[in-house]
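Here's the structure, in structure tokens; my notes come after.
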Amino acid sequence: MNTNEYVSLFFDFVNKVKKTVCKVEGDDIIPMHQANQDWDPLDPANRERLLSMTWNVSASTWAGVEKNSTYTQTMAVLIERLLKLTDISNRKLRILSLGSGPGLYEIFLAYWLRSIGRNARMYSLDYSEGMVAFQNGLLSSDLRIDGVRVSALKEAVTPVLGNMEDLRKFYGGMDIVFCNNALQWVADWRAAVREMQLALNENGPRTLVVVIHPNAMVVHVGDKLIERELITEEALFDELEKHRIQPVFQRYMIGNEGTGQAGGRLNRMFFEARFYPLGVSRSWREMSRPVGKATFVKL
Ligand SMILES: C[S@@+](CC[C@H](N)C(=O)[O-])C[C@H]1O[C@@H](n2cnc3c(N)ncnc32)[C@H](O)[C@@H]1O
């Protein structure tokens, strides 16, 4: 099967989950559920509690909030890049996904890696108990991907409850660290970047795959707003460089429905970056940008 055929299987899987588990049809727009509490969101202690509760109450529907075109574009780029990155040895590769939410990408990637004969194990971490429970539910369900029971992938993908600002239990153990559409939600994203580097095994592909949103994230709690810092490319690259990580590939993903937050066609920014334990040879600022073509996938 070629990449497009796999992306098409992912599209079917996503829609099966949306319809049968989240109870939404196709690209129905559903609001992200809000944790509606009386606590003042402007108090930093409450803010974090409110955000994690928001993820918990959204867990059963989040997979339906994301657009089909975002799923397919992201998966197309992931397959393209992971095809090269995972072709290294017979050793079992360990892949850590951070802020994995409902786990659709991780479950499908575990299926895809197995079907192309790659020996890999995914760990999908999220700090929301609701999200981890949702993913465990999928892994125990009757859902199938091209006839393969999702429950047969349990050995290949392990949901983990944890905060990406503290990855101590994974230090030095991961070949690839992947963070899809989650870094911009983290209270201290710079701490998460430091932890990603510490989680990497120096003897593997030592690669980070990071997909972020081009806008700052905003959640309404009553009439108040919780707003996260906007992660610009420059800020991300500078932070990576501090940890001896160099961007090696980037690509913009263009959406046809806007970003869901502030309109506009730039949907996601995709970055691949490599950790150089002995230090990067040059600053990214002196290099020509490793930009790939914009991706637009419409099924
Ligand atoms: C926008 S959702 C993306 C989910 C998934 N990666 C996807 O693309 O479908 C962001 C996820 O990040 C998780 N998250 C936010 N901050 C986190 C943190 N500090 N550690 C772990 N997970 C976090 C949330 O619980 C939520 O599930």
Discussion item. Taking 8 Å as the Cα distance limit and 6 or more residues as the minimum spacing, I'd like the relative contact order of the range 45-142 as a percentage.
Written reply: 36 percent
Item to complete: Compute the relative contact order of the chain as a whole-number percentage, counting only Cα pairs closer than 8 Å that sit 6 or more residues apart in sequence.
Response: 16 percent
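The chain: longest stretch without exposed GluC sites (Glu not before Pro) (DSSP loop, at most 13 other Cβ within 10 Å), sites themselves excluded? List each step's numbers first, then the result.
On the way: sites that count: GLU25, GLU155, GLU202.
Looking at the chain, 26-154 is the longest stretch - no exposed GluC sites (Glu not before Pro) with at most 13 other Cβ atoms within 10 Å.
Considering only the other residues whose Cβ falls under 12 Å of the Cβ of ALA235, what net charge follows from Lys and Arg at +1 and Asp and Glu at -1? Kindly include the intermediate steps, with their values, before the conclusion.
On the way: positive: ARG190, LYS242; negative: GLU229, GLU233, GLU234, ASP238, GLU239, GLU241.
Local charge sum for ALA235: -4.
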Item to complete: Pick out, from LEU113, ALA187, LEU96, the residue whose Cα sits farthest towards the positive end of the charge dipole of the chain, with +1 on the Cβ of Lys and Arg and -1 on the Cβ of Asp and Glu.
Response: LEU113
Worksheet item: Mind checking Rg over Rh on the chain, alpha carbons, Kirkwood formula for Rh?
Response: 0.94
Practice prompt. About the Cα centre of the range 148-219, how large is the charge dipole given +1 on each Lys and Arg Cβ and -1 on each Asp and Glu Cβ? Please answer in debye to the nearest 20.
Written response: 140 debye
Fill in: Student exercise, the chain dipole from Lys, Arg, Asp, Glu Cβ charges, in Debye to nearest 20
1060 debye
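None of the figures in this text is laboratory data; all of them are computed from the coordinates on show. As the structure is a prediction and not an experimental result, all values here were calculated from the model. Using ideal geometry, Cβ is built from the backbone for each residue, glycine included, and neighbour counts are taken over all protein chains shown.
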